[in-house]
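The structure appears below as C-alpha cells.
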Amino acid sequence: MDSSAWGLLIQGAWTTLWISGISIAIGVVMGLLIALLRVAKIPVLHQLLGVYISLARATPLVTLVLFIFLTAPTMGVNLNRNVAGIIALTLNTTAFNAEIWRSAFNNFSKEQREAALAIGMTPWVYFRRIMLPQITITSLPGLVNEMSFLIKGSPAIAVIGVVDLTRVTNRISAVTYDPLPPILAAAVLYMLIISLLVWLQRLAERKASRLAV
Amino acid sequence: MPETAAVSIRNLSKSFDGTEVLRDVSLEVQPGEVVSILGSSGSGKSTLLRCINWLEQPDRGDIRIAGDRIGVSDTGKPMSRRELAGMRARLGMVFQGFNLWPHLSVLRNVTEAPIHVQGLSKAEADERAMALLEKVGMADKREQYPYTLSGGQKQRVAIARALAMQPKVMLFDEPTSALDPELVGEVLGVIKDLSKEGYTMVLVTHEMEFARAVSDQVVFLDKGIIIEKSHPSEFFENPKTDRVRRFLELEAPAV
Ligand SMILES: Nc1ncnc2c1ncn2[C@@H]1O[C@H](COP(=O)(O)OP(=O)(O)O)[C@@H](O)[C@H]1O
Ligand SMILES: [Mg+2]
C-alpha cells in the first residue's frame, strides 16, 4: 500500500468516525428523552414509542439505511447519502439507548428520591441534581457498549454509497488488485477505535461500581 | 393567645389497598417539644411520619405545619409541586436507611439543598454546613464519600443534611434501627443534643430508655389508632392499657 492508499483509508476512517460520532451524540440524548417520556407513561405516546423501539431494534441496520434513503425521496425529501446514513444509525442507536436509560431509571433508588423530596427539592431539581448525575454514570457502560456496536454496524451505510472505512478498502484494491492489505489496515483502525471505547467503558464501570455501595 | 402548634394533625386516616393503616389520628406537637411515637412493627408509625411531610397522602384529615396546611392549597386544590416543596423544606426528615446521596461528598450532601433549594451562595452554604458537621462530629470527614462511612457516621451526616435547611420540625423514622449496636449511642447522642437545644422533634423509635429520657410526650400506636398519649413518666410507669403494658414488657424488660 502506498501513501495515497493510506490517505484514502484515513479518509474512510474519518467518514466512519464522524458519521457514527454524530449519530451517537444525538442517539444518547434522544435515548434519554425517549426514556423520560416512556417513564412518564403518557397514553398513546407511550405505546407509539414502544412500537418504535421494538421496530428499530428488530430491523437490520442495512435494511434501515436502505429504507430511509429510498423512502425519503418518495416523501419529497431529497437526502444526501451522509444525512440518510446518520438518520438511520441514529434511529437504530437511539432505540437501544432508550432502553439502557429506562432500565437505569427503573432501578434508581426510591430512597434517594424520598430524601430529595423530603428536603424540599422539586421533582425537577431532584432529577437534575440527584438522579441524572448518577444514572449517567450507571448507564455509561451500557451506552459505551452500544457505541461500539454502532461503529461495528456502521459499514451498513456503504449500501447507499457512503465511502466509509470498509467501503474504501474496495476502492483501494480496485487499483492495487491486492485486497488483503487494505482490509487488514482497516481492521486495525476499527480495533483502535473500539479499544478506545473499551478503555472508556472500564473507566465508567469503575466509577459506577463505587455508586452501587 | 395560645402558641401555634409546630405540627397539628387532625383526624388523619390512611388506607393502603383497602386496609386502614391510620385511623382518625389526631396529634399536636408544640414548638420545642419532643414527641416519641411507639408501637409494634406494622402499627403505622412510619406512615404517620410520612404523612406529615406528604411522602404519603392521607385519605382524610388535615395536617398543619406552624399553622399552614400541607398538601392542600388555600383554594382546596392539591398543592403545586413548588408549593409542596416549599412546605417540605420546613420539615427535616431522617430515615432509617440514611438515604444519603452517594455521588456527593459529605459536605456536598449537606450543602445541596441550601444551595439548590434555598438559593444560598456556596460560601454561605459551606459555612452553615461546616458548623453543623462540627456539631455532629463529622467535620473532619467532609471530603469523604458516603460509601466510606460507617452507619453511625452516615446517620450523623443525614441529620446535618436535614438541619442545614433550618427546618421548624425534625422527623426521625427509627434513626438507629439499621445500626450495629455499638454505633447506636453516637446517633442518639446527637439527637439528645438537639432536644437540649430546643429543636421540635417527632421521633419513631424502639429505644425505650431513650424515648423516656428525651420525650415531652409519648404516643402509642396500635393498628393505626393512638391508644395512649401521655407524659413519658406516666407512660412508662403507669400505662393505662394492657396493650401498652405487654408492649413494654417485651420491648423494655424490667431492669
Ligand atoms: N406503600 C405502601 N403500600 C402498601 N402498604 C403499605 C405501604 N406502606 C406501609 N404499608 C403497610 O401499612 C402498615 C403500616 O406500615 P408502617 O407505617 O410502615 O408501620 P411501622 O412503621 O409502624 O412498622 C403495614 O402493614 C405496611 O405493610
Ligand atoms: Mg416503620
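The values are calculated or read from the model by the stated rules, or taken from the named source; none is laboratory data. Note that the coordinates shown come from a computational prediction; the quantities given were computed from them, not determined experimentally. Cβ atoms come from the backbone with ideal geometry, glycine included; neighbour counts cover every protein chain shown.
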Seminar exercise, completed: Of the conditions (1) of a type in the set (A, V, I, L, M); (2) away from chain B (no Cβ under 14 Å); (3) over 21 Å from the mean Cα position of the chain (by Cα), the single one that residue A:91 does not satisfy is (3)
Problem set entry | Total residues in the range B:92-110, condition assigned to a helix (DSSP H, G or I) and either at pLDDT below 95 or of a type in the set (A, V, I, L, M, F, W, C) (or both) | 3
Problem set entry | Those residues of the range B:93-109 which are at the interface with chain A (Cβ under 8 Å from one of its Cβ atoms) and over 21 Å from the mean Cα position of the chain (by Cα), in sequence order | B:102, B:103
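I'd like to know if the range B:19-30 contains one or more residues that are away from ligand 1 (no atom under 16 Å from the Cβ) and not in a strand (DSSP E or B).
Yes, some residue in the range B:19-30 is away from ligand 1 (no atom under 16 Å from the Cβ) and not in a strand (DSSP E or B).
Take the conditions at negative phi, crowded, with 17+ Cβ neighbours inside 10 Å, more than 10 Å from chain A (Cβ to nearest Cβ) and within 16 Å of ligand 1 (Cβ to nearest atom) and apply them to residue B:70. Does it pass?
no
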Problem set entry | Answer residue from the range B:205-241, given it is of a type outside the set (D, E, K, R), part of a loop (DSSP other than H, G, I, E, B) and over 26 Å from residue B:164 (Cβ atoms) and is farthest from ligand 2 (Cβ to nearest atom) among those | B:238
For this session: Quick one: residue B:43 ticks every box in (1) at positive phi; (2) within 15 Å of ligand 1 (Cβ to nearest atom) except a single one, so which number is it?
Result: (1)
For this session: Report those helices (runs of 4 or more DSSP H) wholly inside the range B:111-204 carrying at least 2 residues which are touching a residue at least 60 places away in the same chain (Cβ under 8 Å) and closer than 30 Å to residue B:41 by Cα.
Result: B:151-163
Problem set entry | Criterion violated by residue B:54 - all others in (1) without any contact (Cβ under 8 Å) to a residue 60 or more places away in the chain; (2) within 16 Å of ligand 2 (Cβ to nearest atom); (3) in contact with a Leu (Cβ under 9 Å, 6 or more places away or on another chain) satisfied | (2)
For this session: Check residue B:5 against each of (1) in contact with a Pro (Cβ under 9 Å, 6 or more places away or on another chain); (2) within 13 Å of ligand 2 (Cβ to nearest atom); (3) within 22 Å of residue B:194 (Cα to Cα) and name the one condition it does not meet.
Result: (2)
Problem set entry | Residue selected from the range B:201-220 under the condition surrounded by 23 or more Cβ atoms within 10 Å (Cβ to Cβ) and more than 16 Å from ligand 1 (Cβ to nearest atom), by the criterion nearest to the other protein chains (Cβ to nearest Cβ) | B:201
Problem set entry | helices (runs of 4 or more DSSP H) (entirely within the range A:119-213) containing at least 2 residues that are more than 14 Å from chain B (Cβ to nearest Cβ) and of a type in the set (Gly, Ala, Ser) | A:132-153, A:167-176, A:180-211
